[in-house]
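What follows is a single structure, written as structure tokens, with notes after it.
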Amino acid sequence: MRLNYNIRASMIKKITIILITTIALMVNVNASSDGELLLKKNNPAEIDDCWEGFNRASFALNQGLDKVIFKPVASVYRVLPTPIKSGVSNSLDNLSNVVTIPNNILQGEFSKAGVNTGRFLINTTVGILGIIDVASLIGFEEYEKEDYGQTLAVHGVGPGCYLVLPVLGPKTARDTLASTLNFMGGDAWYNITVANDTQHVSEFDYYASRVIAGVDFRAKNYDSIENLQKNSLDFYASVKSVYLQDRQQKILNSNQVIESMDDSDWEEIGN
Amino acid sequence: MIKKILTIFTILISITSFNSISYSIEPDIFVQSTVNRAASTLGGNLNKEQRVEELKKIAKETVDIYGVGMYSLGATRKSLNDEQLKTYNQVFENYFLKSFADRLAEYSNPIIEVNSKEKLNENYTIVSSTLVATDKRPAIKIEWRIYTKNPDAPLIRDLIIEGLSLARTQKEEFSSIIQSANGDVNALFDNLKNFSNK
């Protein structure tokens with residue numbers, strides 16, 4: 001018993017050291033939430049592919065899984081009647097508020113946290129568990145998801161290396177680390193389904209919601225993914241670029257990405 | 001007689017002046033007319049090969065293929081000699097036209113609505129539009145980076161789909177290919193040629 005306790009304590013210590021070291025490596029000494037620095041730090045071209053061999057192998061595995069599981073399921077899902085797809089998509093978005101709202105607060109965006117709390121309450125009740133997006137119908141501003149990775153980025157934590165995880169897909173080191181916060185109390189949906197034994201919802205509900213979210217994403221982007229794959233010279237590099245551009249955009253919550261593309265590379269090219 | 005000559009002379013002067021005045025094309029109108037051209041090609045009675053040829057023609061007239069090619073090459077373009085640049089421009093144009101036409105030829109009748117424009121500076125305007133939703137996919141926001149250095153002949157330099165730049169994606173893809181070949185740009189040329197010959 002005593003031995004077990006010592007082993008566990010030593011493991012927790014090791015994990016803590018690894019986490020602290022990783023964060024320390026990723027945090028720029030001059031960390032700042034200044035837009036331009038944020039833009040530069042999260043620029044896809046600046047993010048290293050430190051484990052490219054592993055990433056490409058993992059990417060190939062995910063492509064295999066996509067071919068066998070996600071693509072066939074998504075191709076059936078996308079031909080379902082629009083009200084069904086919208087209902088599923090709306091309720092998944094509504095559920096994601098339980099992660100978005102704490103992140104709005106952690107990023108200091110209190111008014112957005114208020115708006116999203118209102119949105120969540122209205123859609124969960126009047127909108128029947130989020131199936132109908134009543135909040136948007138009555139004029140609430142467009143919903144933007146937030147997560148712990150975005151919050152760390154806003155507070156100056158750099159992205160670290162690019163990483164492709166089996167099944168879970170593309171990430172950065174920062175976002176991978178941040179997503180563990182969901183399992184440490186940061187995701188209320190996880191807390192009431194998996195972490196705690198409640199009578200109304202179960203582990204199955206949590207994992208089912210994750211799988212459905214994956215299928216919904218794949219179906220929404222069905223043509224775009226097919227098109228990208230068909231027209232890419234290096235599909236792995238294209239997906240990496242698209243993922244990192246999307247993260248940069250989400251972190252900044254603005255049009256700065258487009259504006260920043262008015263860069264020297266374009267300027268030098270005359271006609 | 002003198003009156004007639006004067007009248008003819010005046011008309012001639014007017015026509016000549018009219019022709020010499022250049023009319024700048026507003027970027028949003030340029031995008032809408034380009035989209036309409038592509039839509040009528042895709043929605044017409046042409047077979048796939050004819051569609052592809054027509055789309056290539058539209059691309060040659062409305063896209064700054066040279067500019068996109070140079071941007072996609074990134075910093076590598078500074079290290080190429082004239083011969084390599086010539087080869088690159090040729091293989092890139094073939095690649096671009098095939099890729100552009102193949103992508104669009106899949107759509108039967110896309111409806112794009114131009115919403116607004118924002119002038120970034122003298123050289124660039126961003127035109128915002130929406131690809132209207134269908135039963136199978138939601139609406140998609142598309143922004144067009146229009147090169148307006150010559151206002152009489154604006155050109156498309158990039159499409160930004162839901163915030164993701166096609167030119168940037170292509171640039172990072174090309175960079176990855178060159179890096180994987182230890183900096184050998186010929187690997188990129190071979191990839192571009194293979195794609196065009198598919």
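The values are calculated or read from the model by the stated rules, or taken from the named source; none is laboratory data. Please read all numbers here as calculations on a predicted model, not as lab measurements. For neighbour counting, all protein chains shown are included, and Cβ atoms are generated from backbone atoms with ideal geometry for every residue, glycine included.
Of A:Asn30, A:Asn6, A:Asn90, which residue is within 30 Å of A:Asp133 (Cβ to Cβ) and either at pLDDT below 90 or in contact with an Asp or Glu (Cβ under 7 Å, 6 or more places away or on another chain) (or both)?
A:Asn90
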Qualifying residues in region B:76-132 (those that are among the charged types (D, E, K, R) and in a loop (DSSP other than H, G, I, E, B)) - the one nearest to B:Lys198 (Cα to Cα): B:Glu106
Out of the helices (runs of 4 or more DSSP H) lying entirely within region B:1-74, which hold 2 or more residues that are modelled with pLDDT of 85 or more? B:27-43, B:48-62, B:65-73
In the list B:Asp102, B:Asp158, B:Asp152, which residue meets the criterion of being more than 8 Å from every other protein chain (Cβ to nearest Cβ), among the acidic types (Asp, Glu), within 19 Å of the chain's Cα centre (by Cα) and within 20 Å of B:Glu61 (Cβ to Cβ)? B:Asp152
Any idea which residue in region A:199-246 is nearest to the other protein chains (Cβ to nearest Cβ), counting only those that are β-branched (Val, Ile, Thr) and within 21 Å of B:Arg137 (Cα to Cα)? A:Val242
Within region A:123-159, can you find the residues that are within 20 Å of A:Val88 (Cα to Cα) and in a helix (DSSP H, G or I)? A:Asn123, A:Thr124, A:Thr125, A:Val134, A:Ala135, A:Ser136, A:Leu137
I need a count of the residues in region B:125-139 that are within 19 Å of the chain's Cα centre (by Cα) and either surrounded by fewer than 18 Cβ atoms within 10 Å (Cβ to Cβ) or modelled with pLDDT of 90 or more (or both). 6
Hey, does region A:91-103 have a residue that's over 23 Å from B:Pro138 (Cβ atoms) and without any contact (Cβ under 8 Å) to a residue 40 or more places away in the chain? yes
Extreme residue, nearest to the other protein chains (Cβ to nearest Cβ), among residues of region A:104-121 that are under 22 Å from A:Val201 (Cβ atoms) and surrounded by 20 or more Cβ atoms within 10 Å (Cβ to Cβ): A:Arg119
Looking at B:Glu143, B:Glu172, B:Glu122, B:Glu118 in this structure, which one is within 9 Å of chain A (Cβ to nearest Cβ) and surrounded by fewer than 18 Cβ atoms within 10 Å (Cβ to Cβ)? B:Glu118
